[in-house]
Amino acid sequence: MASYGNAAGAPPMQYPSHPGAGGAPYYGGPGGAPEYAQPGYTQAALPPAPAPSPPRRRRQKSMLKVIILGDSGVGKTSLMNQFHSNKFTTQYKATIGADFLTRELLVQDCLLTLQIWDTAGQERFQSLGKSFYRGADVCVLVYDITDPRSFEKVASWREEFLEQAGLSPSEEFPLVVLGNKCDKEADRRVSKSRSAQWCRSGTPHVLPHFETSAKTAQQVEAAFREAATRALNYDGAAGQEDSDDDLDRENYFLPETSLNVRNNNNMQNRQGGGQQAKNGCC
């Protein structure tokens, strides 16, 4: 071992001798000078610095209006509640006019706020369609796999929506078809092949089809995610002439029709079916 002087009063530092170098110090040269002070010394090249990571793309935000259509009792409200809050109840309560809930969903690195409109399936409320359909970004058509009549009405619900929204039947507006209550397989009366065939050939464009269960949550998340993805990739909205560039989704207008319908209905009940209030939506 070779030793070299250190600070006053401190013991000398010990360095190992270079093996096979006749006792020359490993970290020094003649006279104890460090290696980097010797003539001809060159410092080894440092490894290249890693390339800077690309800046993270800021997540965009957008509001999408989702309309759920179908006959009364097919489970539209249950599907909306299951998707929104993972809740299901067996107590049936018919929707009056329309109602909506909102939920955020991350799709293609875009944070979407889905405004999900649950509309009444009764014929007496179908005249309100134009107010509810305006500005829709995607339409979800629901039928009950245990009720063939509800499946047969899907085509008329589609036509009703396109007409009220001012869309051409040939336009590729985002539509998603859901066969609900698939947990009742023993009571099935609409076969998978029949519904799949209609989605492939019953419309000008192939429609995505899911069999869902609002009770068990089967395929509910996947169905709404597909609806949101198609709406996000679609250029336009139902019944709106403004382009997406001109439409401020952060200040999305919420029509007051839902509250007005409820108020009008309650007033009619109190007055024994009297005349509607003048400030009503219809």
Any chance residue 250 is at pLDDT 95 or above, surrounded by fewer than 17 Cβ atoms within 10 Å (Cβ to Cβ) and assigned to a helix (DSSP H, G or I): no
Selection from segment 149-188 of residues at positive phi and over 24 Å from the mean Cα position of the chain (by Cα) yields 166
Identity of the residue in segment 64-100, among the hydrophobic types (A, V, I, L, M, F, W, C) and modelled with pLDDT under 90, that ends up nearest to the chain's Cα centre (by Cα): 100
Suppose we filter segment 164-213 for residues that are basic (Lys, Arg), open to solvent by 80 Å² or more (accessible area, probe 1.4 Å) and in a loop (DSSP other than H, G, I, E, B); how many remain? 2
Scanning for something at pLDDT 90 or above, crowded, with 23+ Cβ neighbours inside 10 Å and touching an Asp or Glu at 6+ places or on another chain (Cβ under 6 Å), does segment 134-143 turn up at least one residue? no
Of all residues in segment 197-217, count the ones that are out of contact with any helix residue (DSSP H, G or I) (no Cβ under 6 Å at 6 or more places or on another chain), within 24 Å of residue 137 (Cα to Cα) and either modelled with pLDDT of 95 or more or not small (Gly, Ala, Ser) (or both). 8
So residue 159 passes all but one of these: (1) exposed (fewer than 14 other Cβ atoms within 10 Å of the Cβ); (2) acidic (Asp, Glu); (3) touching a residue at least 40 places away in the same chain (Cβ under 8 Å). Which condition number does it fail? (3)
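The values are calculated or read from the model by the stated rules, or taken from the named source; none is laboratory data. Bear in mind the structure is a predicted one, so any value in this text is a computation, not a measurement. For neighbour counting, all protein chains shown are included, and Cβ atoms are generated from backbone atoms with ideal geometry for every residue, glycine included. SASA here: full protein model, heavy atoms, side chains in, ligands and nucleic acids out. Shrake-Rupley method; radii C 1.70, N 1.55, O 1.52, S 1.80 Å.
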